[in-house]
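Novice: Below is the structure I would like to discuss, written out as structure tokens.
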Amino acid sequence: MAGRRRSNDTTGTTSDESYRLSEQIGFILRVASQRHTALFAADMIEGLTPPQFAALAKLLEVGPCSQNRLGRLIFLDAATIKGVVDRLIGRGFVLTAEDPLDKRRRAVGLTERGHAVTQAAITAASRINERTLEPLSSEERSHLLDLLKKLT
């Protein structure tokens, strides 16, 4: 009965065999993400992971901030950002100090080495983004990014 609609007697719903996984947003986003992740892993410097790079790039952008704020800015939960920051500290890319705005918190900031690595990583990330978007025209790239931002 390939290609035919059939009724599901137990739920009263209909199964439409014309459903195409390859046309579903979640599937397409996952495949595109896998492609980008492979490019990232191949081309990113210092073995940085996407969350580590995001933390470094955001710290370069906003300057020192609390670990919790950094996590919120890059959409990571408290446990995940703690692990990311701990690994970056271990590699000498960031350090923590008393937060001048709130003595109860520790601020995370780039070290001199972290600043240099982040600058180089941003150059690599730009190449990675270019390769990810390579199949698209300039107008399509802009449109895609605008649409994806609406979903976040």
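None of the figures in this text is laboratory data; all of them are computed from the coordinates on show. All figures in this text were calculated on a predicted structure; none of them were measured in a lab. Cβ placement follows ideal geometry from the backbone for every residue including glycine, while neighbour counts extend to all protein chains displayed.
Novice: Can you tell me which residue is nearest to GLU61 (Cα to Cα) among those in the range 124-152 that are surrounded by 11 or more Cβ atoms within 10 Å (Cβ to Cβ) and β-branched (Val, Ile, Thr)? Before you say what the answer is, go through the steps one by one.
Specialist: Here is the first cut: in the range 124-152, the ones surrounded by 11 or more Cβ atoms within 10 Å (Cβ to Cβ) are 124-125, 127-133, 136, 140-145, 148.
Right, trim to β-branched (Val, Ile, Thr) and you get 128, 132.
Numbers: ILE128: 19, THR132: 23 Å.
My answer is ILE128.
Novice: Please specify each residue of the range 39-90 satisfying the condition of being of a type in the set (D, E, K, R) and either within 15 Å of ALA124 (Cβ to Cβ) or touching a residue at least 12 places away in the same chain (Cβ under 8 Å) (or both). So that I can check it myself, show each step before the final result.
Specialist: First, the residues of the range 39-90 that are of a type in the set (D, E, K, R): 43, 46, 58, 61, 69, 72, 77, 82, 86-87.
Within the range 39-90, ASP43, GLU46, LYS58, LYS82, ARG87 meet the criteria.
Novice: Among the residues of the range 37-54, count how many are over 10 Å from the mean Cα position of the chain (by Cα) and either part of a helix (DSSP H, G or I) or under 17 Å from GLY90 (Cβ atoms) (or both).
Specialist: Of the residues in the range 37-54, 10 are over 10 Å from the mean Cα position of the chain (by Cα) and either part of a helix (DSSP H, G or I) or under 17 Å from GLY90 (Cβ atoms) (or both).
Novice: List the residue pairs whose Cβ atoms are under 7 Å apart, where the first residue sits in the range 124-143 and is more than 24 Å from PHE53 (Cα to Cα), the second is surrounded by 10 or more Cβ atoms within 10 Å (Cβ to Cβ), and the two are 6 or more positions apart or on different chains.
Specialist: LEU136/LEU144
Novice: Here are the criteria: (1) touching a residue at least 12 places away in the same chain (Cβ under 8 Å); (2) of a type outside the set (Gly, Ala, Ser); (3) outside any loop (DSSP other than H, G, I, E, B). Tell me which single one LYS149 does not satisfy.
Specialist: (1)
Novice: Could I ask something else about it? I'd like to check something: does the range 88-107 contain any residue that is in a helix (DSSP H, G or I) and among the polar types (S, T, N, Q)? Working first, answer last.
Specialist: Keep residues of the range 88-107 that are in a helix (DSSP H, G or I), which gives 88-90.
Of the ones still in play, those that are also among the polar types (S, T, N, Q) are none.
No; the residues of the range 88-107 include none that is in a helix (DSSP H, G or I) and among the polar types (S, T, N, Q).
Novice: Is the range 64-86 home to any residue that is more than 21 Å from ILE45 (Cβ to Cβ), surrounded by fewer than 12 Cβ atoms within 10 Å (Cβ to Cβ) and basic (Lys, Arg)?
Specialist: Within the range 64-86, not a single residue is more than 21 Å from ILE45 (Cβ to Cβ), surrounded by fewer than 12 Cβ atoms within 10 Å (Cβ to Cβ) and basic (Lys, Arg).
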